Amino acid sequence: MEVSNKKMSFWESLYLVAIVKGLLITIRHLFTRKVTIKYPEQRRELSPVYRGQHMLKRDDQGRENCTACGLCAVACPAEAITMKAAERKPGEEHLYREEKYAEIYEINMLRCIFCGLCEEACPKDAIYLTETKVMVASASKREDFIYGKDKLVMPLEMALRNSKNKVS
């Protein structure tokens with residue numbers, strides 16, 4: 001392919017044609033109907049592949065599914081997930097399914113890109129991205145965006161309700 005260095009005419013060098021074309025586009029957009037959604041009253045339909053807030057699942061007995069294998073942290077392209085594994089102690093069988101569990105499980109929401117790769121990498125189906133409309137609550141301090149198990153683990157009542165729905 002060859003590049004030409006054609007000389008511009010006087011009218012082309014003034015860029016009047018380009019300016020007029022730009023103004024016509026702007027004027028045309030002024031008179032088109034705007035697509036506006038009145039948010040609290042109207043809700044936009046979400047895509048079927050929408051991914052919202054993370055949640056760590058519990059089984060039907062209320063035990064955490066996560067075994068701290070670390071595959072979600074490895075799969076995360078943003079490196080937003082950190083965890084520390086610990087051994088289950090005698091008497092904690094009602095809390096954790098396996099001998100190993102995630103003592104610390106944190107997701108840095110400032111880094112997370114909500115791609116869903118952590119959800120796909122998990123062999124125990126322990127983490128999933130919910131369909132909630134709230135992605136991350138606003139905050140003023142950086143520490144508030146690091147979600148630990150206190151914000152991520154599914155509430156016990158919800159796990160028990162889900163198990164009752166499965167049986168019915």
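The values are calculated or read from the model by the stated rules, or taken from the named source; none is laboratory data. All values reported here derive from a predicted model rather than from experimental measurement. Cβ: placed from backbone, ideal geometry, glycine included. Neighbour counts: every protein chain shown. Keep in mind that these areas ignore ligands, DNA and RNA; they rest on the heavy atoms of the full protein, side chains included. Shrake-Rupley method; radii C 1.70, N 1.55, O 1.52, S 1.80 Å.
Restricting to the range 46-96, name every residue that is charged (D, E, K, R) and out of contact with any Cys (no Cβ under 9 Å at 6 or more places or on another chain). Within the range 46-96, Arg58, Asp59, Asp60, Arg63, Glu64, Glu79, Lys84, Glu87, Arg88, Lys89, Glu92, Glu93 meet the criteria.
If you go through the range 126-135 one residue at a time, do you hit one that is assigned to a loop (DSSP other than H, G, I, E, B), basic (Lys, Arg), more than 12 Å from His54 (Cβ to Cβ) and touching a residue at least 40 places away in the same chain (Cβ under 8 Å)? Yes: one or more hits.
Can you spot a residue in the range 2-22 that is within 24 Å of the chain's Cα centre (by Cα), open to solvent by 80 Å² or more (accessible area, probe 1.4 Å) and acidic (Asp, Glu)?
Kept after step one, since they are within 24 Å of the chain's Cα centre (by Cα), are these residues of the range 2-22: none.
No.
Residues in the range 134-155 that are open to solvent by 40 Å² or more (accessible area, probe 1.4 Å) and of a type in the set (A, V, I, L, M, F, W, C): Val134, Met135, Val136, Ala137, Ala139, Ile146. Based on what the data block shows, is Met55 in contact with a helix residue (DSSP H, G or I) (Cβ under 9 Å, 6 or more places away or on another chain), over 24 Å from Glu157 (Cα atoms) and of a type in the set (A, V, I, L, M)? No; evaluated as a whole, the condition is false for this residue.
Across the range 93-114, what is the number of residues that are basic (Lys, Arg) and either open to solvent by less than 60 Å² (accessible area, probe 1.4 Å) or in a strand (DSSP E or B) (or both)? Give the steps one after another, and end with the answer.
In the first step, residues of the range 93-114 are kept if they are basic (Lys, Arg); the result is 97, 100, 111.
From what is left, the residues that are either open to solvent by less than 60 Å² (accessible area, probe 1.4 Å) or in a strand (DSSP E or B) (or both) are 100.
Looking only at that region, the number is 1.
Residue pairs whose Cβ atoms lie under 8 Å apart, sitting 6 or more positions apart in sequence or on different chains, and linking a residue in the range 54-66 that is of a type in the set (Ser, Thr, Tyr) to a partner that is in a loop (DSSP other than H, G, I, E, B), do not occur here.
Quick test for you: out of Pro90, Pro123, pick the one residue that is surrounded by fewer than 16 Cβ atoms within 10 Å (Cβ to Cβ), part of a loop (DSSP other than H, G, I, E, B) and touching a residue at least 40 places away in the same chain (Cβ under 8 Å). Just a single option satisfies the conditions, and that option is Pro123.
Selection of helices (runs of 4 or more DSSP H) fully inside the range 5-87 by the criterion of at least 2 residues being among the aliphatic types (A, V, I, L, M) and farther than 30 Å from Met109 by Cβ returns 16-30.
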